[in-house]
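Here's the structure, in structure tokens; my notes come after.
The values are calculated or read from the model by the stated rules, or taken from the named source; none is laboratory data. Every value quoted in this text rests on a predicted model; they were computed, and no experiment measured them. Reconstructed Cβ throughout: ideal geometry from the backbone, glycine too, with neighbour counts over all protein chains shown.
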């Protein structure tokens, strides 16, 4: 007989029990993760990615461009942890990122400080009037086309120029690197800023993997970057080294580097016993093999 719940505060548990009994709890949780992707990962990541499907304990995430593909890959472990924390169990073990399709979301404009506007301003180009020199230039550019294409091409070019004029009237300018529309007070669009950030992060990573104990003050003498970005790269390095330990693919050098990243001391200050004690706690269980076992 199905158990009956008389108290209202037990209703949530009752629903979970019913779903579990009918083997629907797992699909239900996956569905909740999919529809709440923006809430789980935040609006910035959700704008450029979405959940395509689940394959048992693997989630397939569609990513809208290669820049964000690289960016999300660096945070793979953090994304897995975030999803599992939301589900309150280890529901996801791995992630596959796919360069995939377009979302139906309206375009979002991102400011330099991260503030977002809902959409680009509504543009009405019907009443826009082009300058005579612009019209003349378009007519000259399309004059060589066959008659059946000439008029269509001119209409298209007129619409393009009117749209440009309308955006400029709304105080938008074009990004000097890619041409995307941005606010006039910005230097680059969000994607170009992200590319620049990735280049700086790579530079920081290359330096830290040679001198893991380097402080931010010392690094700043070589690379112009914020302390926030410095700490972000350090965390990435630590996560990668811990992942090696957890998968039993670490070397003595990996263990040394992890200790150096964590304690930020000169190698001469660390003993082998200290390194061993620090890294052993990251191993998954006592059955994991090691070059020291």
Working only within the range 176-195, note down all residues that are surrounded by 13 or more Cβ atoms within 10 Å (Cβ to Cβ) and either in a helix (DSSP H, G or I) or touching a helix residue (DSSP H, G or I) at 6+ places or on another chain (Cβ under 6 Å) (or both).
177, 181, 190, 191, 192, 193, 194, 195
Might you check whether a residue that is assigned to a helix (DSSP H, G or I), under 19 Å from the mean Cα position of the chain (by Cα), under 22 Å from residue 44 (Cα atoms) and outside the structural domain of residue 174 (by TED's automatic domain parsing) occurs anywhere in the range 204-212?
no
Residue that is surrounded by the most Cβ atoms within 10 Å (Cβ to Cβ) [pool: residues in the range 28-77 that are without any contact (Cβ under 8 Å) to a residue 12 or more places away in the chain and in contact with a helix residue (DSSP H, G or I) (Cβ under 6 Å, 6 or more places away or on another chain)]
46
Going through the range 58-83 in order, the residues found to be within 15 Å of residue 34 (Cβ to Cβ) and more than 10 Å from the chain's Cα centre (by Cα) are 58, 59, 60, 61, 62, 82, 83
Could you go through the range 255-262 and let me know if any residue there is more than 27 Å from residue 81 (Cβ to Cβ), at pLDDT below 90 and either outside the structural domain of residue 80 (by TED's automatic domain parsing) or not in a helix (DSSP H, G or I) (or both).
no
Of the residues in the range 266-285 that are touching a residue at least 24 places away in the same chain (Cβ under 8 Å) and in contact with a helix residue (DSSP H, G or I) (Cβ under 8 Å, 6 or more places away or on another chain), the one that is surrounded by the most Cβ atoms within 10 Å (Cβ to Cβ) is 279
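Going by what's in this entry, would residue 250 be described as outside the structural domain of residue 77 (by TED's automatic domain parsing), buried (at least 18 other Cβ atoms within 10 Å of the Cβ), more than 29 Å from residue 172 (Cα to Cα) and within 17 Å of the chain's Cα centre (by Cα)?
It is false that residue 250 is outside the structural domain of residue 77 (by TED's automatic domain parsing), buried (at least 18 other Cβ atoms within 10 Å of the Cβ), more than 29 Å from residue 172 (Cα to Cα) and within 17 Å of the chain's Cα centre (by Cα).
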